[in-house]
1. Using unit Cβ charges (K, R positive; D, E negative) and no other charged atoms, how large, in debye to the nearest 20, is the dipole of the chain about its Cα centre?
2. Give me D for region 28-87 in µm² s⁻¹, whole number, from Stokes-Einstein with Rh from the Kirkwood sum over alpha-carbon pairs, 25 °C and 0.890 mPa s.
3. Would you list Lys96, Lys34, Lys84 from fewest to most Cβ contacts within 10 Å?
4. Rg/Rh for region 90-168 to two decimals, with Rh computed the Kirkwood way over all alpha-carbon pairs.
5. For a Förster distance of 30 Å, can you work out the FRET efficiency between the beta-carbons of Gln44 and Lys193, rounded to the nearest 0.05?
6. Given the options Glu146, Glu159, Glu68, state which has the largest fluctuation in a GNM of the chain using a 10 Å cut-off (strictly under) for Cα springs.
7. I'd like to compare 162-170, 45-53: which one has the highest average count of other Cβ atoms within 10 Å, and what's the full order after that?
8. Just subtract the alpha-carbon distance of Gln12 and Asp136 from 0.36 nm times their residue separation and send over the number in nm, one decimal.
Amino acid sequence: MNIFLDTADTDQIRERFETGLIDGVTTNPTLIRKSGRDPEQVYQEIRNIGVNDISMEVAGSTFDMVSEGVRLATTFGKNIATIKVPCTPDGLRACKQLRKELIRVNVTLIFDAAQAILAAKAGAAYVSPFVGRLDDNSAEGLNLIEEIHDIYDMQYVNETKILAASIRDVKSVSHAFQKGAGIVTMPPSVFDKMYNHILTDKGLEIFDNDLAVTNAGATAGSI
């Protein structure tokens with residue numbers, strides 16, 4: 001059960017990685033563009049923070065994706081770089097070739113179980129069903145995770161993990177794991193909200209008050 005952050009904001013990654021609860025980071029061209037920085041500077045800084053699983057997206061033809069994927073894995077290390085490709089014919093051909101080079105691949109933009117089957121056949125380390133985007137289009141994104149999990153379980157697919165993406169809220173995090181995701185990637189804002197519950201806050205307030213009263217009594221008794 002792993003938690004990834006879905007962001008290219010290195011300051012936010014650093015702050016949350018220090019909790020010891022973050023297992024990896026996923027990025028995409030949109031997140032990199034929002035950072036306003038060179039992609040490889042971002043990857044290097046994330047690596048320097050200590051993150052050892054960084055999804056780096058590539059695009060273009062099969063040849064382009066393979067050559068860029070090999071270059072990134074060579075630059076940042078096969079134990080660090082996870083090459084992110086789309087679930088397209090070119091992307092899956094690239095996935096198969098990269099897998100032969102022992103490079104981890106995250107097949108993204110999964111919206112159907114059939115796509116997840118093809119990605120597993122191509123040797124993907126991760127498949128990324130887009131939960132929130134399916135929900136936006138009147139489909140049950142979390143049900144797709146369950147469907148993929150059931151198929152993988154029935155067919156003894158052990159090498160491809162389900163990485164739930166496009167997560168919008170804390171409830172979806174819990175439900176994604178419940179439905180069979182091995183990894184959930186989320187914006188830092190959603191991760192921060194995982195700590196929160198009104199009953200936890202209330203209980204902490206009571207404990208703090210009681211501790212203060214107990215400490216005050218102990219101090220008075222020792223005088």
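No lab work stands behind these numbers, since they all come straight from the coordinates. On a predicted model such as this, the values are computed, not experimentally measured, just so you know. Cβ coordinates were reconstructed from backbone atoms using ideal geometry, including for glycine residues, and neighbour counts include every protein chain displayed.
1. Values: 22 positive and 30 negative charges, 149 e Å.
With Lys and Arg at +1 and Asp and Glu at -1, about 720 debye.
2. Numbers: Rh = 11.8 Å.
Estimated diffusion coefficient is 208 µm²/s.
3. By the 10 Å Cβ count, ascending: Lys34, Lys96, Lys84.
4. Details: Rg = 12.2 Å, Rh = 12.5 Å.
For region 90-168, the value is 0.98.
5. Between Gln44 and Lys193 the formula returns 0.55.
6. Glu159
7. Values: 162-170: 22.7, 45-53: 17.2.
Answer by packing, highest mean first, reads 162-170, 45-53.
8. 42.0 nm
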